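Structure first, commentary second.
The values are calculated or read from the model by the stated rules, or taken from the named source; none is laboratory data. Computed from a predicted model, the values in this text were never measured in an experiment. Virtual Cβ from ideal backbone geometry, glycine too; neighbours counted across all protein chains shown. For accessibility, only protein heavy atoms count, side chains too; no ligands or nucleic acids. Shrake-Rupley method; radii C 1.70, N 1.55, O 1.52, S 1.80 Å.
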Amino acid sequence: MKRSVKRMSSASKDKLLRKHIADLLSGHNAHVDWKAAFTGIPSKLRGVRPDGMPYSVWELLEHMRIAQWDILEFSHDAKHVSPDWPAECWPETPAPPNAIAWEKSLKLFERDLTAMNKLVANPKTDLFARIPHGTGQTILREALLVADHNAYHVGQVILVRRILGAWKQSQS
């Protein structure tokens with residue numbers, strides 16, 4: 001028989017909360033995860049903006065990477081200076097300069113997502129404490145912001161891929 005949440009110890013509740021946040025960051029729950037969204041995109045389509053859409057898949061990837069990096073750095077570095085919005089939060093061109101830039105962006109995105117997960121998973125991280133150099137933000141809020149922002153843009157990636165004919169219904 002499962003114990004009710006009311007009867008769980010504070011340590012058990014903390015562990016459960018951290019697991020839920022990690023699951024949310026991974027994106028494996030109610031929607032496609034980020035890896036699936038970016039896997040198998042033909043290189044010739046990475047920089048295409050479909051009719052009526054403001055972004056290419058490359059622009060979405062780079063924006064997600066930059067935003068996630070910014071949130072992570074803010075979360076642990078008082079000296080971090082955020083990029084100017086919107087000029088420095090989106091790539092300059094719709095297409096990646098080359099395949100190396102595409103792969104680098106994916107690796108950096110994964111690195112920073114892993115770092116955010118580690119920050120949240122660390123029992124020494126007080127999820128509810130105000131970030132000293134912030135204006136009321138907490139690590140919990142920043143982790144939820146990353147998860148929310150990524151989920152929103154992963155949905156856009158899937159939409160762009162569907163319009164371009166580069167997404168199979170079975171992938172959803």
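Solvent-accessible area per residue for the chain at a 1.4 Å probe radius, Å²?
Counting only protein heavy atoms, the per-residue value for the chain is 60 Å².
Please tell me the relative contact order of the range 78-143 in percent, rounded to the nearest whole number, where contacts are Cα pairs under 8 Å and at least six residues apart.
In percent, rounded to a whole number, it is 22.
Please give the charge dipole size of the range 103-151, origin at the Cα centre, charges +1 on K and R Cβ atoms and -1 on D and E Cβ atoms. Round to the nearest 20 debye.
Once rounded to the nearest 20, the dipole reads 140 debye.
Just to be sure I understand, if you calculate log10 I(q)/I(0) by the Debye sum over Cα atoms at q = 0.08, 0.17, 0.18 Å⁻¹ for this structure, which of [x] -0.25, -1.04, -1.16; [y] -0.24, -1.14, -1.28; [z] -0.29, -1.06, -1.14 do you get?
[z]
Report the local net charge at Glu88: Lys and Arg +1, Asp and Glu -1, summed over other residues whose C-beta lies under 12 Å from its C-beta.
Result for the neighbourhood of Glu88: -4.
To the nearest 20 debye, what is the magnitude of the charge dipole of the range 34-77 about its Cα centre, counting +1 on the Cβ of each Lys and Arg and -1 on the Cβ of each Asp and Glu?
That gives the range 34-77 a dipole magnitude of about 340 debye.
Using a 1.4 Å probe on the protein heavy atoms, what percent of the accessible area of the range 1-109 belongs to carbon and sulfur?
Roughly 57 percent of what the probe reaches on the range 1-109 is carbon or sulfur.
Using alpha carbons only, how many degrees (0 to 90, rounded to 10) separate the axis of helix 57-76 from the longest principal axis of the chain?
30
At a probe radius of 1.4 Å, what is the per-residue accessible area of Ile21, in Å² to the nearest 10?
In the full protein context, Ile21 sits at about 10 Å².
Sum -39500 (n - 2.57) across every DSSP H segment of at least 4 residues in the chain, then divide by the residue count to get the 222 nm mean residue ellipticity, nearest 500.
-18000 deg cm²/dmol
Could you derive backbone 3J(HN,Hα) for the range 13-30 from the dihedral phi with the Karplus parameters 6.51, -1.76 and 1.60 (θ = phi - 60°), listing whole Hz in sequence and x where the residue is Gly or Pro?
5, 4, 4, 5, 4, 4, 5, 4, 5, 4, 5, 5, 5, 6, x, 8, 8, 9
Any of Lys6/Lys124; Lys6/Lys35; Lys15/Lys79; Lys6/Lys118 with alpha carbons more than 32 Å apart? Name them for me.
Among Lys6/Lys124; Lys6/Lys35; Lys15/Lys79; Lys6/Lys118, the Cα-Cα distance tops 32 Å for Lys6/Lys35.
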